[in-house]
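Have a look at the structure below, then the notes.
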Amino acid sequence: MKIAFVGKGGSGKTTLSSLFIRHLAAAGAPVVAIDADINQHLGPALGLDEAEAAAQPAMGERLPLIKDYLRGSNPRIASAETMIKTTPPGEGSRLLRVCEDNPVYDACARPVELDGGTVRLMVTGPFTDADLGVACYHSKTGAVELCLNHLVDGPEEYVVVDMTAGSDSFASGMFTRFDITFLVAEPTRRGVSVYRQYKEYASDYGVTLKVVGNKVHGQDDLDFLRAEVGDDLLVTAGHSDWVRALEKGRPPRFEFLEDANHRALRRLRTAADATYELRDWARYTRQMVHFHLKNAQTWGNERTGADLTAQIDPSFVLGEGVTTPV
């Protein structure tokens with residue numbers, strides 16, 4: 001299942017996504033964790049120290065390798081240089097699976113040992129001083145989008161993505177790449193403003209959106225969220241001594257997380273698993289094509305000097321039964 005955590009800066013989305021990743025790992029589920037936020041906080045939230053987090057290979061710096069591998073023998077893609085972040089797979093493209101070894105994982109993923117198991121962590125890489133004035137941070141997150149476009153995952157396999165803050169993912173089609181999106185909202189006017197933006201735009205694309213209320217300290221906070229987001233409110237979380245210890249770099253074993261928070265994480269997984277029956281690979285592929293056409297026409301064709309609309313394979317539908325060339 002492909003799962004996104006979104007929310008405004010400071011909402012707690014990275015903390016909650018890291019707790020959900022720990023919850024899945026503790027249950028023995030295979031997990032690929034992706035930090036698509038250029039602020040790069042997911043690694044430390046999973047227990048990496050500063051040096052370990054800095055040593056994570058940046059996907060954005062390995063984009064040529066990613067493109068060359070995913071292109072495979074697809075005759076519609078003349079070269080890796082003509083691939084952009086929205087390029088969809090077609091006949092001959094290589095696909096990514098959660099439970100496999102491949103050159104993309106070898107180059108970009110590193111195992112993170114948690115007390116309940118091991119997950120693969122991939123990061124976009126930070127936005128550095130060298131990028132100022134010459135690069136857009138979407139050039140970093142584009143590597144994530146390209147991988148998601150070529151990813152085939154099955155039931156009880158999880159790809160958890162900590163997204164950029166706010167509604168920035170609408171700058172591309174990446175917000176449509178998920179089975180479910182958990183929007184982390186505080187019980188404030190600013191806290192629910194991102195929810196309204198997401199709800200309005202995502203509703204046209206069939207995005208399954210559920211709200212996780214965070215920093216909820218009483219009935220008044222709960223009533224506020226229920227009034228603002230209605231049935232989209234899935235679960236709430238309040239103060240956690242376990243999280244406070246994590247933020248100090250001294251987390252107890254995950255089994256000692258508060259019972260209420262364990263119950264909340266189970267509800268998140270139940271909600272995510274329920275979306276498997278709603279999967280529509282044909283719609284997923286159409287949305288991929290839709291955003292690729294938009295990007296090709298607005299900037300991609302000019303940037304690459306190629307007609308990127310020709311990359312679309314009209315007979316190809318991504319799905320679990322699609323095989324990938326060696």
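The values are calculated or read from the model by the stated rules, or taken from the named source; none is laboratory data. None of the values given here were measured: they were computed from a predicted structure. Here the Cβ is made from the backbone with ideal geometry for all residues, glycine too, and neighbour counts use every protein chain on show. The area values use the complete protein model at the heavy-atom level, side chains included, leaving out ligands, DNA and RNA. Shrake-Rupley method; radii C 1.70, N 1.55, O 1.52, S 1.80 Å.
Number of residues in the stretch 309-326 that are open to solvent by 70 Å² or more (accessible area, probe 1.4 Å) and either among the polar types (S, T, N, Q) or in contact with a Ser or Thr (Cβ under 6 Å, 6 or more places away or on another chain) (or both) equals 3. Consider the stretch 30-40 and keep the residues that are at pLDDT 90 or above and not β-branched (Val, Ile, Thr). The one that is most open to solvent (accessible area, probe 1.4 Å) is PRO30. Residues that are surrounded by fewer than 19 Cβ atoms within 10 Å (Cβ to Cβ) and either over 27 Å from GLU91 (Cβ atoms) or of a type in the set (Gly, Ala, Ser) (or both) are absent from the stretch 283-293 altogether. Summed over the stretch 186-214, residues that are closer than 19 Å to THR176 by Cα and not in a strand (DSSP E or B) total 15.
Is one or more of the residues making up the stretch 88-107 hydroxyl-bearing (Ser, Thr, Tyr), surrounded by fewer than 21 Cβ atoms within 10 Å (Cβ to Cβ) and modelled with pLDDT of 80 or more? Yes, that holds for at least one residue. Please verify whether the stretch 43-52 includes one or more residues that are small (Gly, Ala, Ser) and within 17 Å of the chain's Cα centre (by Cα). Yes - at least one qualifying residue is present in the stretch 43-52.
Within the stretch 248-279, the residues that satisfy the criterion of being surrounded by fewer than 13 Cβ atoms within 10 Å (Cβ to Cβ) and in contact (Cβ under 8 Å) with a residue 40 or more places away in the chain are GLY249, ARG253, GLU255, LEU278. Being surrounded by fewer than 20 Cβ atoms within 10 Å (Cβ to Cβ), closer than 14 Å to LYS8 by Cα and free of Cβ contacts under 8 Å to residues at least 60 places away in the same chain is the filter here; which residues of the stretch 200-216 pass it? Listed by number, the list is empty, since nothing qualifies. Considering only the stretch 93-116, I want to know if a residue exists there that is aromatic (Phe, Trp, Tyr) and under 27 Å from PHE254 (Cβ atoms). Yes, some residue in the stretch 93-116 is aromatic (Phe, Trp, Tyr) and under 27 Å from PHE254 (Cβ atoms). Residues in the stretch 19-29 that are open to solvent by less than 40 Å² (accessible area, probe 1.4 Å) and in contact with a strand residue (DSSP E or B) (Cβ under 8 Å, 6 or more places away or on another chain) were compared, and the one that is nearest to PHE254 (Cα to Cα) is ARG22. Note on the stretch 3-18: residues that are among the hydroxyl-bearing types (Ser, Thr, Tyr) and surrounded by fewer than 24 Cβ atoms within 10 Å (Cβ to Cβ) amount to 1. Of all the listed residues (GLU91, GLU61, GLU52, GLU100), the sole one being of a type outside the set (A, V, I, L, M) and closer than 17 Å to GLY142 by Cα is GLU61. Pairing each residue of the stretch 287-314 that is among the acidic types (Asp, Glu) with any residue that is open to solvent by 30 Å² or more (accessible area, probe 1.4 Å), provided the two are 6+ apart or on different chains, yields C-beta distances under 9 Å for ASP307/ASN301; ASP313/ARG76; ASP313/GLU91. Could you list, in sequence order, the residues of the stretch 77-87 that are in a loop (DSSP other than H, G, I, E, B), open to solvent by less than 50 Å² (accessible area, probe 1.4 Å) and of a type in the set (Gly, Ala, Ser)? Passing the criteria: only SER79.
Search the stretch 46-76 for residues being of a type in the set (D, E, K, R), part of a helix (DSSP H, G or I) and farther than 23 Å from GLY116 by Cα, and hand back the single one that is most open to solvent (accessible area, probe 1.4 Å). Let's see the steps before the verdict.
Taking the stretch 46-76 and keeping what is of a type in the set (D, E, K, R), we get 49-50, 52, 61-62, 67-68, 71, 76.
Narrowing the set further to residues that are part of a helix (DSSP H, G or I) leaves 50, 52, 61-62, 67-68, 71.
Subsequent filtering for residues that are farther than 23 Å from GLY116 by Cα retains 61-62, 67-68, 71.
Values: GLU61: 130, ARG62: 74, LYS67: 35, ASP68: 81, ARG71: 52 Å².
In this case the residue turns out to be GLU61.
Checked against the criterion of being of a type in the set (A, V, I, L, M) and part of a helix (DSSP H, G or I), the candidates ALA306, ALA272 yield just one match: ALA272. For the stretch 98-112, the tally of residues that are in contact (Cβ under 8 Å) with a residue 60 or more places away in the chain and part of a strand (DSSP E or B) stands at 2.
Entry remark, the stretch 217-240: residues being closer than 13 Å to THR15 by Cα and surrounded by fewer than 20 Cβ atoms within 10 Å (Cβ to Cβ) number 3 in total.
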